[in-house]
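Novice: Let me give you the structure first, and then I'll get to my questions.
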Amino acid sequence: MTGQIDTTRPHPARMYDWYLGGKDNYPVDEEMGRQMLTLDPRVPVMARVNRAFMHRATRWLARNGVRQFLDVGTGIPTEPNLHQVAQGIAPDARVVYCDNDPIVLAHAAALLRGTDEGATEYLQADVRDPDAVLEGARKVLDLTRPVALSLIALLHFVSDEDGAHDLVRRLLAELPSGSYLVVTHATSDFTPEESKAATEKLRAAGVTLALRSREEFTRFFDGLDLVEPGVEVPHRWHPELGEPVPGQDDGVIPGYGAVARKP
Ligand SMILES: C[S@@+](CC[C@H](N)C(=O)[O-])C[C@H]1O[C@@H](n2cnc3c(N)ncnc32)[C@H](O)[C@@H]1O
């Protein structure tokens, strides 16, 4: 799906860019970002903690022999991007990025500067159409060999009505044994009042936010073997693989992260 950049309503990719201090966002994104900050001033810390989880999980996977990555819900490029982390360890790593927001497509050139030995490609597709994601991925990745499927800070934008759990199952069904699922996800478990207010504000602006409990999050990994330490708040997952994010321990980070292997 391609399309025009819609600057009349906020978009998750652009709000996230604003939280991270990027320049690829519009006044409507900043305005909604500021409203989120009035509910929880730690949102920018959460964004950095989430990004740091992606770096550590990718490092862990590359060091454990994974050479193919399918990253859906990539976001606007922010260095280091996933392929830079993976190819920094394994230059032959093959990476497919995928997002449904036209702003990511507009900046995708920055995602394509990978190693000569590996492959780095961008696919414009919606995760709610897993067959389109798989069809695009197949052009670059060998789906008979293990793939790390990363859905990082993505699934809380996909409602139950849109079949969030089913589409993860569908994507994993096409990946062989030895593949991995990597997910981070926002939750209302720790901050129910603020979460409810954030969900309502975003819904009024046309953005779906489907916060999930620990149990609902853990269900994404049904049938898989969770890598130690299992389901954790994101900054406590293998902290030794990266640097701490300033402020990460100053209060609750309302999210979960986990990595699991397909047996
Ligand atoms: C919060 S950003 C996360 C970016 C990156 N994964 C990270 O964690 O740093 C969420 C991304 O998911 C994308 N997204 C939201 N809904 C999507 C969908 N249905 N299909 C594909 N991408 C989607 C947004 O456009 C945005 O780029």
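Novice: Out of all the residues in region 7-20, is one or more within 30 Å of LEU143 (Cα to Cα), modelled with pLDDT of 95 or more, surrounded by 15 or more Cβ atoms within 10 Å (Cβ to Cβ) and within 12 Å of the ligand (Cβ to nearest atom)?
Specialist: Yes: region 7-20 contains one or more residues that are within 30 Å of LEU143 (Cα to Cα), modelled with pLDDT of 95 or more, surrounded by 15 or more Cβ atoms within 10 Å (Cβ to Cβ) and within 12 Å of the ligand (Cβ to nearest atom).
Novice: Return the total of residues in region 160-202 being without any contact (Cβ under 8 Å) to a residue 40 or more places away in the chain and open to solvent by less than 30 Å² (accessible area, probe 1.4 Å).
Specialist: Going through region 160-202 one residue at a time, the tally reaches 2.
Novice: Being surrounded by 20 or more Cβ atoms within 10 Å (Cβ to Cβ) and either aromatic (Phe, Trp, Tyr) or more than 27 Å from THR38 (Cα to Cα) (or both): is that true of LEU211 here?
Specialist: Judged against the criteria, LEU211 is not a match.
Novice: If you take the residues in region 133-149 that are of a type outside the set (Ser, Thr, Tyr) and open to solvent by 70 Å² or more (accessible area, probe 1.4 Å), which one is farthest from the ligand (Cβ to nearest atom)?
Specialist: ARG145
Novice: Anything in region 150-191 that is in a loop (DSSP other than H, G, I, E, B), within 14 Å of the ligand (Cβ to nearest atom) and within 22 Å of ARG56 (Cα to Cα)? List them, or say none.
Specialist: ALA153, LEU154
Novice: Moving on to the next point. What's the number of the condition PHE221 fails, among (1) open to solvent by 20 Å² or more (accessible area, probe 1.4 Å); (2) farther than 22 Å from ARG48 by Cα; (3) out of contact with any Pro (no Cβ under 8 Å at 6 or more places or on another chain)?
Specialist: Tallying (1) open to solvent by 20 Å² or more (accessible area, probe 1.4 Å); (2) farther than 22 Å from ARG48 by Cα; (3) out of contact with any Pro (no Cβ under 8 Å at 6 or more places or on another chain), PHE221 fails exactly one: (1).
Novice: Quick one: is GLY255 at pLDDT 95 or above, on the phi > 0 side of the Ramachandran plot and either surrounded by fewer than 20 Cβ atoms within 10 Å (Cβ to Cβ) or touching a helix residue (DSSP H, G or I) at 6+ places or on another chain (Cβ under 6 Å) (or both)?
Specialist: no
Novice: So which helices (runs of 4 or more DSSP H) stay within region 48-144 end to end and still have 1 or more residues that are out of contact with any helix residue (DSSP H, G or I) (no Cβ under 6 Å at 6 or more places or on another chain) and within 21 Å of GLY21 (Cβ to Cβ)?
Specialist: 82-89, 102-106
The values are calculated or read from the model by the stated rules, or taken from the named source; none is laboratory data. All values reported here derive from a predicted model rather than from experimental measurement. Reconstructed Cβ throughout: ideal geometry from the backbone, glycine too, with neighbour counts over all protein chains shown. What goes into the accessible areas is simple: the full protein's heavy atoms, side chains included, and nothing from ligands, DNA or RNA. Shrake-Rupley method; radii C 1.70, N 1.55, O 1.52, S 1.80 Å.
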